[in-house]
Structure formats: structure tokens, C-alpha cells
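What follows is calculated from the coordinates using simple rules that are stated; it is not laboratory data. The shown structure was predicted, so the numbers you read here are calculated from the model rather than taken from an experiment. Using ideal geometry, Cβ is built from the backbone for each residue, glycine included, and neighbour counts are taken over all protein chains shown.
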Amino acid sequence: MFIRLLLLLISCSVFAQEEFPKNYFKSPLDIQLHLSGSFGELRNNHFHSGLDFKTSQKEGLNVYASADGYVSRIKISTYGYGKVIYITHPNGYTTVYGHLQKATGKIQEYIINAHYKEKSFEMELFLRPDELIVKQGDLIAMSGNSGGSGGPHLHFEIRNTLTEKTINPLFFGFDALIKDTKTPVVNTLMAYPIGENSVVNRSQEPLTINFTKQPDGTYLADKVLVNGAVGFGINAYDMFDFNYNKNGTYQVQSFLNGASSFNCQFNVFAFDESRYINAFLDYPRYKKTGVRIQQLFMENPYSLSIIQADNSNGIVHVKPNINNTYRIEVKDFHNNKVIINIPIQYSSIASEIPSKIQKTPYYLIAKNDNMYKKDNISVFVEEGTFYDDFYLNFDVKEDTLTFHDASVAVHKNFKVSIENNTLTEEQIQKTFIASVDGKRKSYNNTKFKSGTFTTYTKNTGKFFLAQDTIAPRIKPINLAEGKWTNSQKSIDFIISDDFSGIKTYNGYINGNWILFDYDYKKQLITYEFDEQFIQSGRNEFKLEVTDNVGNSTIFETHFFRSIK
């Protein structure tokens, strides 16, 4: 215990002593900074890795280089960060600018040339230090809404160039640009009986605990009566001045009888540990209600560097004749703080609300490899795929696999295999392992070898073999046969596929490949006219869209355009 606490203290002190340059990076925007997303905010399957700056609910704002450096990486993706630029700086840090509408100047010219060289919209480029040098304040891009963005904004990160770990930008002086005098808010306080025989307030199920504000501004929770062990969790948010967004908190720390019990502080983390958010949360409650309860304990410890815990991993073991005081402190980066005090007392009163855990013939032990097989279907689960041990719902009926449900978090892929030797070669090409959720069916990337279809997935639920024989749809928005297009800046199409999903789309003018920008949220592809492949008068146009199993649709027409 002593060694573990010593290591935690050393790691915390090393970070605390690290000096971050406060005036090295300037704002990437020339407007007042307001946040729509904070560092470490709890997101779907990940912690938010930067700051989201509002852009007045519109695209096209100027984005500037925060410091001298060079463009070291460019990624153009349909999903994720969308269009993103990375700038590496000589002081050992890299800044990241995501969800862009487009780059500008020499950077945009470099990107366009790369698109046409690779003949692809999606691409990832790694650049040498002498290729695209930028100075602080250089215009590098226009803000946008590309990729998985839920609305126009600029995603901004600062990473350690060597380790690629992401660091809270507020350490670099951005805290002075974002005013925050508001205290965090705790919506919900939860208590969790830990262990099969533990009882909390007559319940073996998790339950909410009421708390009320005291004259000194702190909160006092109702007394918690425990037989066995208990852990706590909260749902909380923080708000900044001049801002109505409910953002994530910076630090949540608990204390048992004055000693630190569990501490979560969003300073820095690695991207490969971000999925541990699903162990960090009360995942079943989140999937059922959409509410994220941050658990202040680890029943099964996991490797998440933002957490420091005592030898009990934040779990409170309650003994007779000993009263305990448990305190939760929630703070933002500007040190605004809310405190909840929770009195804990031993009680031998029996449970009136039993556990709802349903026992099955299959008990999955998370630290072991597990193999399940019935009829022609098998599932292989590598150790560490799940965070916790649990009773698994596994069955095969009418050629459909049931492999539990969405209430259990999955950390890494497990393997689903379905044997079938009855299909023709043509049918095999159109067949894949589909997931089904109610009436909604979805595609899983599937391989076929020696009579067996195989997919790797992080999604539990129902699986079956499906076929897709229907080609994608192409709907022209502003292009008709024989149309003069001089008044248009672009050609736009809606492309869609009902089942396996779109894999590729390629457009051609006069036999030459052209660049279509793809916005999957709108199912919209857009080609902006340039004169590279356009000729005065008649131009031949072709668009081919292919789905994930090879069905394709071709749209051909011609249009007219004058070249000045």
C-alpha cells in the first residue's frame, strides 16, 4: 500500500512541477473564446481530448496557427475530426485544429494536389519539417463542421509531440481567455452496494442519495446505512461565464475520514486509454437512461492515468461501531468548488430490494479467454475484452446469435464466426454478418474463408448472416442532362445505401477523376468547379457509387459550361 501511494504522489508531483509555457500559444480564433466542450468531458466511448471553441453557430471563421512551427500531419476523414491539421512546434508540443471546412493558401494547395494524386477524398499525410512552415498568426484554415462534429465549432488540442499524449490547453494560458466564476453543479449522487452480500439503505441495487444545501454553501447527504461495502458516483457538470453549455468538470476527489480516497483530474491522458471511460462510468445506467454517472471507485481496477486511488480503490468497507464521513469535492480549473458531505454508518438491517442480476448458465470471467459455441456459430472473447465478470446471455436460435446486450461495456473486439457451406460464389460476395437492434440492421466488416464468415466487433447483441443485393442510390441535386452550369459553383448529389453502407464514390469529368467532398451527416457529396478538367461547351460526367459488398450504381450525363 505504501509503495503504491508513494508512486501516486511522485507522479502527481512530477506533473504539478512541470512548467507549461503560458504565453507561447495564441488563440487560434480572432473572436472571444467560448467553450462548447471542455477537456476530459465525458463523451461516447472516449474522453474529450481538447477544447471545443464556439464559432457563432456558423462555418468559415478564420483559423490561425497558434505558434511558429510546421504542418506535420493532415488528415481528411468522413468521420472523427473530419478535416484536421496538426502543427508541430519547436518547444516540444503539437497543436491540433479539427472539424475544419477547408485549409487555406499553400496548405490547401498541398491538400488538393494530394487528393488528385491519391484519387481519394479520405487520406492521411505526414509531412517533413521543411514542407509547410508556418508562423504564429498565419491563416491556415476556415472553421467548419466536418467529420463527426455535431455543429459548427473548432476542436483545438495541445499534445506532447514525443509521447502524443494530449494535455489540457488551460495549462498553457487559455484559462485567462475563458472567464469562469461559476461553481460546478452536482445533479445526482449514487450509492453502489459492492459485493454480492452488501446492502445499502436496505437495497442490493444502486440507489440515489438525497443531499441538501447547508448555510455554509456545502451540501449534506442523507445518512447512508451500509452492511458490507459501498462506492459512490455522481453526475456533475460545469459552466463558464457567458455560456449556457453544460461542460465537463476538471477534478472530482473523494475523501474518507479526511484521507484521499479517489481522485480524477483531467490534466493529461493517452489516446489508447480513452476507451476506459466505459469502465469509469456506470455504463448500464448510461445505456438505459443516457445519464453519465462518474463512479468514484474501481471494483475491478483498470489502467487509467487520470485516476489516483487509495488501497481500497475508492471502496468504503463499513464496520460496526465505526462512523465514517465521506466527502466529495468537485472543482473546475478556476478552483470554483462544490462539496458534498456524506455520513456513513454500519447497519445490519436486511435488504428489502434484492439484486436484479439474472443468472445464466454462462459466467464470463473478464481476465480469461472465453469461447462459446452452439450449432454453426461461435464467439471467441480474448482476456481483457470486458471490464467486469458477468452472467452472459448466450444463445443461438433460428440461425441468429444472441450475445448479451448493450448494457455491458466492451473494451476491445471479440470474434464472431458463422459457418455456412451452402452458398454460391456470387451469394458469398453479397453476404456478411449483420447486427440487429429491433428492426434496425447494420453491416459488420466480414471476411470469408473455408466456409466460415468472420467479423470482429465491440458491439454486443444479435447477429445473423445477411445479404445485400440492392445497389446504392444517387440523387442529383443541381445537375440535369444538357444543363448550362455557369451560374453554379458546385455539383451536388445525395448518395445513400440502405443496408451495407457506402464504401466508395468516384466522379469523372471528361474521363478525369474529380474530387468530391463527402458530408455523411447530410449524405451529400459536392464537387466545386475548377477549370482543371472543364472544357468550353459540352462536358461528359460520370459518378459511380459502390457499397460494402460490391453493389454499384453509375450515373452518367453531360452538361455545358463556358470557360472564360
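Can you figure out the FRET efficiency of Glu398 with Lys22, using R₀ = 60 Å and their beta-carbon distance, to the nearest 0.05?
E(calc), rounded to 0.05, equals 0.40.
Given N residues in segment 486-564, what is its alpha carbon radius of gyration divided by 2.2 N^0.38 Å? Before the final figure, lay out each step's value.
Details: Rg = 13.4 Å, N = 79, 2.2 N^0.38 = 11.6 Å.
For segment 486-564, the normalised Cα radius of gyration is 1.16.
Percent relative contact order of the chain, based on C-alpha pairs within less than 8 angstrom and at least six residues apart?
Computed over the chain, the figure is 11 percent.
Give me the one-decimal Kirkwood hydrodynamic radius in Å for segment 16-177, with the sum taken over alpha-carbon pairs.
About 15.8 Å for segment 16-177.
Among the lysines, which fall within straight-line cross-link reach of Lys135, defined as a Cα-Cα distance under 27 Å, with same-chain neighbours fewer than 8 residues apart omitted?
In chain and number order, the partners are Lys22, Lys26, Lys54, Lys58, Lys75, Lys83, Lys102, Lys106, Lys165.
What ³J(HN,Hα) values, in whole Hz, does the Karplus curve 6.51 cos²θ - 1.76 cosθ + 1.60 give for segment 509-522 when θ = phi - 60°, with x put for Gly and Pro?
For segment 509-522, the Karplus-derived couplings read 10, 6, x, 9, 4, 10, 8, 9, 8, 10, 10, 5, 5, 9 Hz, x marking Gly and Pro.
Of Asn368, Val318, Pro215, whose Cα points farthest to the positive end of the dipole of the chain (charges on the beta-carbon: +1 Lys, Arg; -1 Asp, Glu; origin at the Cα centre)?
Pro215
For segment 372-431 and segment 334-366, what is the separation of their Cα centres, given in Å?
Taking the Cα centre of each part, segment 372-431 and segment 334-366 sit 31 Å apart.
By how many nm would the segment from Ala480 to Lys135 lengthen if fully extended, with 0.36 nm per residue of separation less the alpha-carbon distance?
Result: 119.7 nm gained on full extension.
Cross-link candidates for Lys331: which aspartates and glutamates have Cα within less than 12 Å, leaving aside residues fewer than 8 places away along the same chain?
Correct list for Lys331: Asp180, Asp238.
Between Arg73 and Asn376, what FRET efficiency follows from the Cβ-Cβ distance if R0 is 41 Å, with the result rounded to 0.05?
Taking R0 as 41 Å, the efficiency between Arg73 and Asn376 is 0.35.
Once the piece of chain linking Glu205 and Lys359 is laid out straight, how much longer is it, given 0.36 nm per residue of separation minus the C-alpha distance between them?
Contour length minus Cα-Cα distance gives 53.9 nm.
Would you please state which residues of segment 310-338 a label at Asp222 would reach in this model, taking the label point 7 Å out along Cα→Cβ and a backbone N cut-off of under 20 Å?
Under 20 Å, as judged by backbone N against the label point of Asp222, lie 324-328 of segment 310-338.
Can you give the Kirkwood hydrodynamic radius of segment 153-212 from its Cα pairs, in Å with one decimal?
16.2 Å
Can you tell me the convex hull volume per residue for segment 180-266, based on C-alpha atoms, in Å³ to the nearest whole number?
Working: hull volume 11.2 nm³, N = 87.
That works out to 129 Å³ per residue.
Would the chain count as rounded, prolate or oblate if I go by the C-alpha gyration tensor, calling it rounded below 1.5 in a/c and otherwise prolate when a/b exceeds b/c, oblate otherwise?
Oblate is the answer for the chain, as a/c is 1.5 or above yet b/c matches or exceeds a/b.
How many Å³ per residue does the convex hull of the Cα positions in segment 185-346 occupy? Write out the running numbers ahead of the final one.
Values: hull volume 21.1 nm³, N = 162.
Spread over its residues, the Cα hull of segment 185-346 gives 130 Å³ apiece.
Starting from the Cα-Cα distance between Met123 and Gln214, subtract it from 0.36 nm times their residue separation and give me the gain in nm to one decimal. Intermediate values should be presented prior to the final figure.
Details: separation 91, 0.36 × 91 = 32.76 nm, distance 5.62 nm.
In short, 27.1 nm is gained.
Quick one: putting +1 on the C-beta of Lys and Arg, -1 on the C-beta of Asp and Glu, what dipole do you get for the chain around its Cα centre, in Debye to the nearest 20?
On the way: 59 positive and 60 negative charges, 128 e Å.
Taking the Cα centre of the chain as origin, the dipole is about 620 debye.
Run the dipole for segment 194-265 about the Cα centre, Lys and Arg Cβ at +1, Asp and Glu Cβ at -1, nothing else charged, and hand back the magnitude in debye, nearest 20.
Dipole about the Cα centre, nearest 20: 100 debye.
With a cut-off of at most 13 other beta carbons within 10 Å, and DSSP calling the residue loop, which GluC sites (Glu not before Pro) in segment 263-363 qualify? Please list them.
Working: sites: Glu273, Glu299, Glu329, Glu352; in loops: Glu299, Glu352.
Loop-located and lightly packed - Glu352.
Suppose R0 equals 25 Å; then what is the FRET efficiency for Asn113 and Ser56 from their Cβ-Cβ distance, rounded to the nearest 0.05?
Numbers: r = 32 Å, r/R0 = 1.27.
That pair, Asn113 with Ser56, gives E of 0.20.
Could you check the simple spin-label distance between Arg440 and Asp369, using points 7 Å along Cα→Cβ, in nm with one decimal?
Each label point is offset 7 Å from its Cα along the Cβ direction, giving 3.4 nm.
So which lysines can Lys449 reach, going by Cα to Cα under 20 Å and dropping same-chain residues fewer than 8 places off?
Lys373, Lys374, Lys415, Lys430
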